[in-house]
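Novice: For reference, the structure I am asking about is given below.
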Amino acid sequence: MVIDQTLVPSFITITYDGTELNIVDAKLSLNYDNATKYEESMTATGKKGYLLRKGTSVNQEGDVFVTITKTGDGKQDATISFLETKLQDIAKTENPDDYSKAIVINVQDPGGEQFLSISFSGYVKELKLQPSVKGNFFTDYIAEFEIFDPLTISLTN
């Protein structure tokens, strides 16, 4: 019998090129698409083998979306300014090696014990205002992080 369990994180910390971002709420979304086709064939030794069909490719993509709430105490102002500065720096250069940085996301349980760490080489792609919802008195920013190199993705506990 298989039991499905969902881990609900209590604390999420995000580090962008060594700078920890002050974030109230985070939504993480990683999507992998392996769009390859394999064909069954006979190998030279007579064993069954599976070959990658000619002309197909492996597509890998991932997105990380983070909600940053701008509150009256100003605790998130430094994070918003930091990300805005990074976006301006990215617009000034054409070489991705200049703006692709190490991003680390740590997820902890209510006791502060880390149960998941996601790291990758990427950059902040967009920072936009979230439309206000009735009853919400604070401004929300949505930051989207782009994974630049899928080979650098590391999932650990």
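Novice: If you go through the range 95-126, how many residues are surrounded by fewer than 18 Cβ atoms within 10 Å (Cβ to Cβ), modelled with pLDDT of 90 or more and among the hydrophobic types (A, V, I, L, M, F, W, C)?
Specialist: Of the residues in the range 95-126, 2 are surrounded by fewer than 18 Cβ atoms within 10 Å (Cβ to Cβ), modelled with pLDDT of 90 or more and among the hydrophobic types (A, V, I, L, M, F, W, C).
Novice: Further question: Do you know which of the residues in the range 77-108 that are part of a helix (DSSP H, G or I) and among the basic types (Lys, Arg) is nearest to the chain's Cα centre (by Cα)? Walk me through how you get there before you give the answer.
Specialist: In the first step, residues of the range 77-108 are kept if they are part of a helix (DSSP H, G or I); the result is 77-92, 96-99.
Add one more test, that the residue is among the basic types (Lys, Arg), and what stays is 86, 92.
Numbers: 86: 16, 92: 23 Å.
Ranking the candidates gives 86 first.
Novice: Moving on. I'm trying to understand the selection: among the residues of the range 127-157, which are free of Cβ contacts under 8 Å to residues at least 24 places away in the same chain, touching a strand residue (DSSP E or B) at 6+ places or on another chain (Cβ under 8 Å) and not hydroxyl-bearing (Ser, Thr, Tyr)?
Specialist: 128, 129
Novice: Quick one: in the range 109-157, which of the residues that are among the aromatic types (Phe, Trp, Tyr) and assigned to a loop (DSSP other than H, G, I, E, B) is nearest to residue 73 (Cα to Cα)? Walk me through it before giving the result.
Specialist: So the first thing to find is which residues in the range 109-157 are among the aromatic types (Phe, Trp, Tyr), and the list is 115, 120, 123, 137-138, 141, 145, 148.
With the extra rule that they be assigned to a loop (DSSP other than H, G, I, E, B), the set shrinks to 137-138.
Numbers: 137: 13, 138: 11 Å.
So, considering only residues that are among the aromatic types (Phe, Trp, Tyr) and assigned to a loop (DSSP other than H, G, I, E, B), the one nearest to residue 73 (Cα to Cα) is 138.
Novice: Could I ask something else about it? Quick one: in the range 127-153, of everything that is exposed (fewer than 11 other Cβ atoms within 10 Å of the Cβ) and of a type outside the set (Lys, Arg), which residue is farthest from residue 92 (Cα to Cα)?
Specialist: Of the range 127-153, the ones exposed (fewer than 11 other Cβ atoms within 10 Å of the Cβ) are 128-129, 131, 133-135, 137, 151.
Filter once more, so that each one left must be of a type outside the set (Lys, Arg): 129, 131, 133, 135, 137, 151.
Details: 129: 22, 131: 28, 133: 34, 135: 39, 137: 35, 151: 26 Å.
Looking at the filtered set, the residue picked out is 135.
The values are calculated or read from the model by the stated rules, or taken from the named source; none is laboratory data. This is a predicted model, so every value here is computed, not measured. Quick reminder, even Gly has a Cβ in these numbers, built from the backbone with ideal geometry, and neighbours come from all protein chains shown.
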